[in-house]
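Here's the structure we're looking at; comments come further down.
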Ligand SMILES: [Zn+2]
């Protein structure tokens, strides 16, 4: 089992992920994707879009603005309830999430319960606490030059509301039949009190969400279909091992009041089991909120029967960074003295690495360049490496997960064959250039 520190270290060493604003000493809860990380992240997001939108007839994309009318967050309940229990140490003024200091506590922990647990301040080790306050996790800002209450806006804490607010527009412009889904990818922001666990709990993340609108009577069948498809996506497209994914049926007392069914898909991360994605039956909660707050009808009119009703919704929601870390930690292996990222071929930043055996032999370099251009035309994701010796190149390509390394040597000049080394087995075979 890989350790989180090993993955963090690999990410920095090979240019996948750097601490945010690293050059200025960092900024808590932010991370920057480097060249390799951008490539992997984009492939993950593109594969999701391809699977859920491009390949289906009942899914459509939207890309809403991050800044939304503040009524959005009143309607959704975020202004009132999107809060964490905050407690302050009166000695050192450190602020913490109360529920994270007490074993087994939930977000609804009361001051009495917290004080009864007799925890000491993690910083100064004293026990002198304030009352628990509700800390709203939305980032607040002001739109325009005037800083009064009428100008308040929030960085969106989820992408989902950008879908609900566009439901009416989509229904009135493209007339989709039911069931249909709206998908969105984009940034969301949460002012976490204590960001931690690398990219698992950061203050800025990318989400991929679908709101799937169904007839109220169909929700159970559609929910089950969606659950199975999520597994298909995670296992077949993302290459995650099925035995590391656990469907956690959330019991009624822990579910949101409007939800009759919620499944948290948990994943065995290096630091233990954590939520990878959520699948929630939200009934008509969100559309009814929009209808109430906007005064506009959210009813869907069936073209054939003429009946009108507010559709119910099933929401699969996944964080890109959580999925990224699941993919990375599943692929990470240390074996026979080497570190190797066994990424699925569709996600690896590069499919091929091309190099001349010796970089001081112009005839080898020339031939290798030809092969590189050829493969680049054919596969796009091809990298060139003539640094160090061949052993060092293999080591680097193993660590960034390149499935095949192609080496051009003197034999190539004679018979047009090249050495192809396999990342996972390290086996080498001779192949004709045309066979690549
Ligand atoms: Zn303290």
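Taking the stated definitions as given, is residue 131 surrounded by fewer than 19 Cβ atoms within 10 Å (Cβ to Cβ) and closer than 30 Å to residue 290 by Cβ?
no
When you scan region 100-115, do you find a residue that is away from the ligand (no atom under 16 Å from the Cβ), surrounded by 13 or more Cβ atoms within 10 Å (Cβ to Cβ) and assigned to a helix (DSSP H, G or I), even just one?
Yes, region 100-115 contains at least one residue that is away from the ligand (no atom under 16 Å from the Cβ), surrounded by 13 or more Cβ atoms within 10 Å (Cβ to Cβ) and assigned to a helix (DSSP H, G or I).
Taking the condition of being assigned to a loop (DSSP other than H, G, I, E, B) and within 16 Å of the ligand (Cβ to nearest atom), how many residues in region 119-174 meet it? So that I can check it myself, show each step before the final result.
So the first thing to find is which residues in region 119-174 are assigned to a loop (DSSP other than H, G, I, E, B), and the list is 119-128, 130-132, 137-139, 143-148, 156-159, 165-166.
This time we only want the ones that are within 16 Å of the ligand (Cβ to nearest atom), so: 119-128, 130-132.
Of the residues in region 119-174, 13 are assigned to a loop (DSSP other than H, G, I, E, B) and within 16 Å of the ligand (Cβ to nearest atom).
Which residue, of 241, 195, is within 19 Å of the chain's Cα centre (by Cα), surrounded by 15 or more Cβ atoms within 10 Å (Cβ to Cβ), assigned by TED's automatic domain parsing to the domain that holds residue 315 and on the phi < 0 side of the Ramachandran plot?
Unique residue meeting the criteria: 195.
Determine whether region 369-377 contains at least one residue that is free of Cβ contacts under 8 Å to residues at least 40 places away in the same chain and in contact with a helix residue (DSSP H, G or I) (Cβ under 9 Å, 6 or more places away or on another chain). Show your work before the answer.
Of all residues in region 369-377, those free of Cβ contacts under 8 Å to residues at least 40 places away in the same chain come to 369-370, 372-373, 376-377.
Among the residues that remain, those that are also in contact with a helix residue (DSSP H, G or I) (Cβ under 9 Å, 6 or more places away or on another chain) are: 370.
Among the residues of region 369-377, at least one is free of Cβ contacts under 8 Å to residues at least 40 places away in the same chain and in contact with a helix residue (DSSP H, G or I) (Cβ under 9 Å, 6 or more places away or on another chain), which makes the answer yes.
State whether the residues of region 36-49 include one that is under 23 Å from residue 169 (Cα atoms) and not assigned by TED's automatic domain parsing to the domain that holds residue 401.
The answer is yes, given that some residue of region 36-49 is under 23 Å from residue 169 (Cα atoms) and not assigned by TED's automatic domain parsing to the domain that holds residue 401.
Does residue 31 count as surrounded by 17 or more Cβ atoms within 10 Å (Cβ to Cβ), touching a residue at least 60 places away in the same chain (Cβ under 8 Å) and closer than 23 Å to residue 196 by Cα?
Judged against the criteria, residue 31 is a match.
From the residues in region 300-340 that are in a loop (DSSP other than H, G, I, E, B) and in contact with a helix residue (DSSP H, G or I) (Cβ under 8 Å, 6 or more places away or on another chain), which one is surrounded by the fewest Cβ atoms within 10 Å (Cβ to Cβ)?
Residue satisfying both the conditions and the ranking: 310.
Name, by its number, the condition in (1) out of contact with any helix residue (DSSP H, G or I) (no Cβ under 8 Å at 6 or more places or on another chain); (2) within 30 Å of residue 290 (Cα to Cα); (3) surrounded by fewer than 17 Cβ atoms within 10 Å (Cβ to Cβ) that does not hold for residue 126.
Residue 126 satisfies all of (1) out of contact with any helix residue (DSSP H, G or I) (no Cβ under 8 Å at 6 or more places or on another chain); (2) within 30 Å of residue 290 (Cα to Cα); (3) surrounded by fewer than 17 Cβ atoms within 10 Å (Cβ to Cβ) except (2).
Within the set of pairs 6+ apart or on separate chains, which have a first residue in region 76-91 that is within 11 Å of the ligand (Cβ to nearest atom), a second that is in a strand (DSSP E or B), and C-beta atoms under 6 Å apart?
87/96; 87/129; 88/95
The values are calculated or read from the model by the stated rules, or taken from the named source; none is laboratory data. Keep in mind it's a predicted model, so treat the numbers as computed, not measured. Every residue, glycine among them, receives a Cβ derived from its backbone with ideal geometry; neighbour counts consider all protein chains shown.
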